[in-house]
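The values are calculated or read from the model by the stated rules, or taken from the named source; none is laboratory data. On a predicted model such as this, the values are computed, not experimentally measured, just so you know. Positions of Cβ are generated from backbone atoms using ideal geometry, with glycine treated the same way; all protein chains shown enter the neighbour counts. SASA here: full protein model, heavy atoms, side chains in, ligands and nucleic acids out. Shrake-Rupley method; radii C 1.70, N 1.55, O 1.52, S 1.80 Å.
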Amino acid sequence: MALRQVRTMGDPILEKRSKEVTQITDRTRELIDDMFETLYDQNGVGLSAVQVGVLKRIVVVDVSEDEDDPIVMINPVIRESDGEQEGYEGCLSVPGKTGKVKRPNHVIVDFLDEDLNPQSMEGEEVFARCICHECDHLEGKLYVERVDGPLQDMDDVQEEQQNRRKKKKKIKK
Ligand code: NI
């Protein structure tokens, strides 16, 4: 396993469409292992192969708090989506930035697992957001195109949220 370099906004590869995966080779498995290692190293919740410079439709996701729910999605397709959520989104390819994005609150996604067996998953909230975000990457799209309002510094938003929490505590007293 090895860490891979994450491509950042401005790198033209991030605007390209990734290609369908038709076979799993040793190199594909190594890529997937490296993607997880890179995801966890950077405290992310999702990473697509294009972000490490490989134009294949492979996504790794782990939205659990303890990094104990790794999911690999090959050739993912969102079959159904409904509802709406708005929240801050970030991306390892856009370091230090965040912005508010509207996404469906519920999705059903079809994909292939590491043995190319068809699977489906259903999810809400953070999971739904993450799947939509990663599927966008496979089409060469970054979340910054979908942001409502300005792109903000992650530090400013975190500070704002902490201040808001402090205010809430004060009111409780
Ligand atoms: Ni991203």
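List of remarks:
- Heavy-atom accessible surface of the stretch 40-90: percent carbon and sulfur, 1.4 Å: 38
- Note that the stretch 26-33 has calculated 3J(HN,Hα) couplings of 4, 5, 5, 5, 5, 4, 4, 4 Hz, one per residue in order, obtained from phi through the Karplus relation 6.51 cos²θ - 1.76 cosθ + 1.60 (θ = phi - 60°); glycine and proline are x.
- With the highest mean first, a sort of the peptides 3-10, 126-133 on other beta-carbon atoms found within 10 angstrom per residue produces 126-133, 3-10.
- The HN-Hα couplings worked out from phi for the stretch 148-162 by the Karplus form 6.51 cos²θ - 1.76 cosθ + 1.60 (θ = phi - 60°) are 8, x, x, 6, 10, 6, 4, 4, 4, 5, 5, 5, 4, 5, 5 Hz, whole numbers, x standing for Gly and Pro.
- The residues of the chain expose on average 58 square angstrom of accessible surface per residue, using a 1.4 Å probe on protein heavy atoms.
- Cut-off under 5 Å, modelled amide H: who pairs with Asp11 long-range: none
- Tilt relative to the chain, helix 125-138 - C-alpha long axis, 0 to 90 degrees, to 10: 50
- Cα pair distances of the stretch 12-172 binned at 10 Å [whole percent]: 10, 37, 36, 12, 4, 1
- Solvent-accessible ranking of Ser64, Ser93, largest area first, probe 1.4 Å: Ser64, Ser93
- Of Lys97/Lys141; Lys102/Lys167; Lys16/Lys141; Lys16/Lys100; Lys56/Lys102; Lys102/Lys166, those spanning more than 19 Å from alpha-carbon to alpha-carbon: Lys102/Lys167; Lys16/Lys100; Lys56/Lys102; Lys102/Lys166
- Couplings 3J(HN,Hα) for the stretch 49-58, derived from phi with the Karplus relation 6.51 cos²θ - 1.76 cosθ + 1.60 (θ = phi - 60°), are 4, 4, 5, 9, x, 10, 7, 10, 7, 10 Hz, where x marks Gly and Pro.
- In the chain, a dipole from Cβ-located charges (positive for Lys and Arg, negative for Asp and Glu) runs towards its positive end, and of Phe127, Ser93, Gly149 it is Gly149 whose Cα lies farthest in that direction.
- Amide H contacts of Asn105 (H built 1.01 Å from N, in plane; Pro and chain starts excluded): Asp82, Gly83, Glu84, Gln85 sit under 5 Å, all sequence-distant by 5 or more or on other chains.
- Cα centre as origin, Lys/Arg/Asp/Glu Cβ charges: the stretch 12-172 dipole, Debye: 940
- A simple packing score, the average count of other Cβ atoms within 10 Å per residue, orders the peptides 49-62, 148-161 as 49-62, 148-161, with the highest score first.
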